[in-house]
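The structure appears right after this line, and notes come after that.
The numbers here are math on the coordinates, done by the rules we state, and not lab data. Everything numeric in this text was worked out from a predicted model, so none of it was measured. With ideal geometry, Cβ positions are generated from the backbone for all residues, glycine too; neighbour counts draw on all protein chains shown.
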Amino acid sequence: MPDYKAPLRDIRFVRDELLGYAEHYASIPEGEDATPDMVDAILEEGAKFCEQVLSPLNRVGDEEGCTLTENGVKTPTGFKEAYQQFVEGGWPSLASDAEFGGQGLPASLGIVLSELMGESNWSWGMYPGLSHGAMNTLEAHGTTEQKETYLTKLISGEWTGTMCLTEPHCGTDLGILKTKATPEEDGSYRISGTKIFISAGDHDMAENIVHIVLARLPGAPEGTKGISLFIVPKFRSDAIGESNGVTCGSLEHKMGIHGNATCVMNFDDATGYLIGEPNKGLNAMFTFMNSARLGTGVQGLAHAEIAYQGAVRYARDRLQMRSLTGPKNPDGPADPIIVHPDVRRMLLTVKAFAEGNRAMIYYVAKLADLTHSKDAEVAKQADLEMGFLTPIVKAFITETGFEAANLGMQCYGGHGFISEWGMEQNVRDSRISMLYEGTTGIQALDLLGRKVLMTQGATMKPFTKVVHKFCQAQADNEGLQEFIKPLAALNKEWGDVTMQIGMKAMQNKEEVGAASVDYLMYSGYVTLAYFWAQMAQTAKEALANGTTETGFYQAKIQTAQFYFQRILPRAQMHKACFESGADNLMAIKEEDFGDV
């Protein structure tokens with residue numbers, strides 16, 4: 001695995017120059033202590049922890065994996081000690097509620113730490129990462145007593161959290177889950193059932209694990225309307241060390257993320273406590289799931305960044321063939337492969353996805369801050385825009401992150417397939433990102449069906465309005481027309497094709513499912529075009545103002561040009577696919593798929 005270097009220069013470019021985070025923090029209550037000096041110190045210390053502590057454990061986790069013992073799951077060598085350093089450094093409490101022991105800093109600042117941890121060691125970062133979803137759920141829906149008992153421990157890092165949804169017979173279709181919750185006289189519930197694919201479900205890094213569990217009450221309505229949400233700790237808070245009927249039945253044998261325990265969890269009359277209202281559990285769980293979707297988008301970014309760092313270093317060192325325009329390394333036996341056009345195609349594709357997707361994630365993280373605004377209208381608009389962008393962040397960024405991971409490996413040639421270089425691990429680890437927290441297909445249905453068509457475009461309009469205003473403001477900027485003209489045209493086309501799909505769906509509902517994934521990818525490429533146009537504008541302004549970092553800013557403009565000329569045309573391919581309709585998918589009879 002290549003040595004990890006935290007991309008602080010680009011993070012600062014996105015946060016400080018592109019998105020104006022300093023002004024943003026000055027305008028929100030949570031940002032009072034997030035001064036530029038404070039933020040800079042957090043970035044530097046977070047980078048140091050990730051580079052020096054987590055990154056060296058990445059390959060260890062992959063090679064050792066987790067083991068299930070009679071005392072529970074044992075994590076790879078060094079994982080537990082790293083977690084203790086993480087807790088002692090106060091990192092779990094960074095962006096949590098000060099009332100319950102947190103530092104009260106903005107959630108968007110926590111996203112930076114999530115990125116750095118994910119890039120240095122995704123498997124390790126999942127252990128504290130799952131806790132954030134549990135914290136958000138309890139903050140939004142827990143009682144004061146539940147917050148004092150569980151939230152305080154999660155915020156301190158003494159305990160970790162999970163989300164327990166999937167069962168052996170149901171994944172996405174949670175309406176058919178079978179886990180039962182039986183009421184007790186003392187107000188608690190007995191939880192019984194089996195959950196699978198539970199990331200960080202059991203481990204030896206913290207003294208307790210708080211499971212957020214979906215279950216069904218006696219007599220509950222069928223389907224998703226009859227699901228309730230429960231807190232089920234591994235050990236009861238008043239009896240740490242005594243079993244609460246929660247055990248890991250087995251560990252999944254997986255393609256990647258070996259350092260994280262993916263568990264089959266058995267709940268045998270475990271004591272649980274209701275969160276929120278009975279039969280309203282899925283609504284409460286969406287708090288957890290939306291947090292996890294943004295976090296999974298960060299995973300796509302992380303794997304693209306690792307692919308880029310490894311591939312650029314290798315391409316500069318690896319000597320193969322001569323440049324077609326003459327030797328670039330005349331004193332050596334061959335030229336470094338970075339001089340060859342096709343290697344540059346791969347490197348620039350990875351760079352465009354890593355840096356562009358970082359801008360998209362940090363933009364959505366800024367919206368997440370604003371959803372807590374005391375100004376109701378600001379909060380409402382931020383929530384609408386974030387709701388629209390979240391499935392794009394989750395699906396598009398993980399799809400392009402996986403592409404980037406594969407291209408990073410491809411740059412190494414045969415060496416990329418060999419474990420010692422770390423690129424094949426990056427590919428394996430990244431593949432899960434398109435599956436959990438809702439597959440790409442599920443995110444696409446959420447985007448097109450639930451977010452866009454069901455609201456008649458109301459959820460879509462806040463972001464397309466942002467793009468429209470940007471294009472209007474730059475309409476007379478001659479130096480940006482290579483970006484503004486195609487972006488403005490696509491932004492208009494986006495609304496037109498959405499309406500066309502809606503009209504077709506009124507005649508045949510299958511049109512939504514048939515169009516959804518191509519529509520999401522089309523939306524992703526258009527969205528990313530907006531951020532690359534913005535980055536080009538920011539870079540041009542820096543150059544005009546006489547920056548000394550001419551190479552950095554010139555590379556931003558050139559990467560934006562590459563994106564618009566070489567990658568953005570993919571949007572039209574996806575448009576052609578969803579415009580072709582549902583018949584080419586649904587006409588074939590089931591039996592004609594063959595006798596297999």
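What number, in percent, do you get for the relative contact order of the chain if the mean sequence gap of Cα pairs under 8 Å and at least 6 apart is divided by its residue count?
12
What ranking do PHE417, PHE79 get, fewest neighbouring Cβ atoms within 10 angstrom at the top?
With the sparsest Cβ surroundings first, the list reads PHE417, PHE79.
Using only DSSP helix segments of four residues or longer, with each worth -39500 (n - 2.57), what per-residue ellipticity at 222 nm results for the chain after dividing by its residue count and rounding to 500?
Value at 222 nm, helices only, nearest 500: -17000 deg cm²/dmol.
Which is farthest toward the positive dipole end of the chain among VAL213, GLY249, MET386, measuring Cα position about the Cα centre, with Cβ charges +1 (Lys, Arg) and -1 (Asp, Glu)?
Value: MET386.
When THR162, THR287, THR35 are ordered from fewest to most other Cβ atoms inside 10 Å of their Cβ, what list results?
Starting with the residue having the fewest Cβ neighbours, the order is THR35, THR287, THR162.
How much length would be gained if the chain were fully extended between GLU207 and GLN565, taking 0.36 nm per residue of separation minus their Cα-Cα distance, in nm to one decimal? Don't jump to the answer; show the numbers that get you there.
On the way: separation 358, 0.36 × 358 = 128.88 nm, distance 5.29 nm.
Contour length minus the Cα-Cα distance gives 123.6 nm.
What net charge is computed for the residues neighbouring ALA98, neighbours being all others with C-beta under 10 Å from the C-beta of ALA98, Lys and Arg scored +1, Asp and Glu -1? Walk me through the numbers on the way to the answer.
Values: positive: none; negative: GLU30, ASP33, ASP97, GLU99.
So the surrounding residues net to -4.
Post the alpha-carbon centroid distance, the range 259-282 to the range 2-76, in whole angstrom.
First find each Cα centre; the distance between them is then 29 Å.
How charged is the neighbourhood of ILE191? Take every other residue with its Cβ under 15 Å from the Cβ of ILE191, and add Lys/Arg as +1 and Asp/Glu as -1.
Within the 15 Å Cβ shell, the charges total +2.
In debye, nearest 20, what is the charge dipole magnitude of the chain about its Cα centre with +1 on Lys and Arg Cβ and -1 on Asp and Glu Cβ, if you could check?
1580
Please tell me which of these pairs span more than 22 angstrom C-alpha to C-alpha: LYS153/LYS374; LYS394/LYS451; LYS178/LYS225?
Beyond 22 Å: LYS153/LYS374.
Please compute the contact order of the range 332-448 in relative form: average sequence separation of alpha-carbon pairs under 8 Å and at least six residues apart, divided by the residue count, as a percent.
Dividing the mean separation by the residue count of the range 332-448 yields 26 percent.
What is the range 157-280 by shape, rounded, prolate or oblate, if you read a ≥ b ≥ c off the alpha carbon gyration tensor as root eigenvalues and call it rounded for a/c under 1.5, prolate for a/b larger than b/c, and oblate otherwise?
It is oblate, given that a/c is not under 1.5 and a/b is not larger than b/c.
Which of these values of Rg/Rh (Cα atoms, Kirkwood Rh) was calculated from the structure shown: (i) 0.99; (ii) 0.97; (iii) 1.06?
(ii)
Rg(Cα) of the range 148-199 divided by 2.2 N^0.38 Å?
1.42
Would you list THR325, THR247, THR69 from fewest to most Cβ contacts within 10 Å?
Values: THR325 7, THR247 17, THR69 10.
In increasing order of surrounding Cβ atoms, one gets THR325, THR69, THR247.
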